[in-house]
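Report on one structure; see the data block that follows.
Please treat every number below as a calculation from the coordinates, not as lab data. Since the structure is predicted, the reported quantities are computational estimates derived from the model, not experimental observations. A quick note on method: Cβ atoms are made from the backbone with ideal geometry, for glycine too, and the neighbour counts reach across all protein chains shown.
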Amino acid sequence: MNKSFGILLAIVFGGLAPLAAQTDYANGIEKWRQEREANLKKETGWLTVAGLFWLKEGVNTVGAGEEFDVRLTDNFKKGKFGQIEFHNGAAVLKVENGVEAQSDGKSVSTVDLVSDEKGKPTEIRTGTQMFYLIKREERFGIRLKDSNSEARRNFKGLHWFPIDEGWKVTAQFEPFPEPKEIAVPNVLGGNFKMKSPGMLKFSLNGKEYRLQPVDEGDGTLFIIFRDKSSENETYRSGRFLYAEKPVNGAAVLDFNKAENPPCAFTPYATCPLPPPGNSLDLEIKAGEKRYDH
């Protein structure tokens, strides 16, 4: 083979390798985005959330109509569904005679409601609707979902910034001697107590930034942050980002996977907000844009 021709081939194929890597990266991000949208649209996704009702001590009536404490959507046609007797954190559902309700695929008339603080909550289904008990701070409430919700029926898709691998950065992870409990503000006006394993330090556009993640229990880093793009293009209250468990003191932050919190899609979510120090003084034009609905 002619030596100069061999050099030319090496240059050509050497140039193709980075292009192929870029294509693989972009395809991976596109696949992740498709999966995120599919999760939102599924029968139990955030687009189906149709109500949140805080329980009071004593009897809480359940049914379709303004007169009920827990209000099902109009897709329930029988008026009163039943009632929840709530005392000191214990909730018992009693279903009205003649109303069909199921839990774990079995018909129920009376059932103790286990809340989501203990793992999988007791789910009650009737028609297209499903509800369960949640606990947030010291309050208990009923979260209602309807697979035939207006938000799900009218979903038009998500909006994204162009994929740019420059927004994928490696952060230095600075662990605390022991995970530190921090107060993370939430949309309820209170604070969630969460464990933070340390700090993340990284550079963008020549400037150094820091973010404080929390650990959701499996080592994955959960980052609640806000940046200057929230003023005009992204969700005003901030966005979420997940990162794999740090390896050798480093964690990869891919802002192309920055996503809106559930509160961007429903007023009935109880989202955490960025903790102090997690507001960045730059525009991160990457990831999910503000949801237009």
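Observations
- Helical mean residue ellipticity (222 nm; -39500 (n - 2.57) per DSSP H run of 4+; nearest 500) of the chain: -5000 deg cm²/dmol
- As a length-normalised measure over Cα pairs under 8 Å and 6 or more apart, the relative contact order of region 110-158 settles at 25 percent.
- Cross-link pairs exceeding 19 Å between alpha carbons, from the set Lys120/Lys145; Lys201/Lys245; Lys180/Lys201; Lys41/Lys289: none present.
- A Förster radius of 25 Å combined with the Cβ-Cβ distance from Asp24 to Tyr242 puts the calculated FRET efficiency at roughly 0.75.
- Packing around the peptides 136-146, 242-252, taken as the average count of other Cβ atoms within 10 Å per residue, puts them in this order, highest first: 136-146, 242-252.
- Residues Arg139 and Glu96, FRET efficiency given R0 of 30 Å [Cβ-Cβ distance, rounded to 0.05]: 0.70
- Computed over all pairs of different Cα atoms, the Kirkwood value for the hydrodynamic radius of region 119-175 is 16.0 Å.
- For region 169-223, averaging the sequence separation of C-alpha pairs within contact (under 8 Å, six or more residues apart) and dividing by the residue count gives a relative contact order of 30 percent.
- Geometric descriptor of region 96-144, per residue, is 81 Å³ (volume of the convex hull of the Cα atoms).
- The protection proxy used here, the mean number of other Cβ atoms lying within 10 Å of each residue, ranks peptides 283-292, 122-131 as follows, highest first: 122-131, 283-292.
- For region 48-174, the Kirkwood estimate of the hydrodynamic radius, built from every pair of different alpha carbons, is 16.4 Å.
- Rg/Rh for the chain stands at 1.09; both radii use Cα atoms, and Rh follows the Kirkwood definition.
- From the alpha carbon centroid of region 278-293 to that of region 54-126 is 38 Å.
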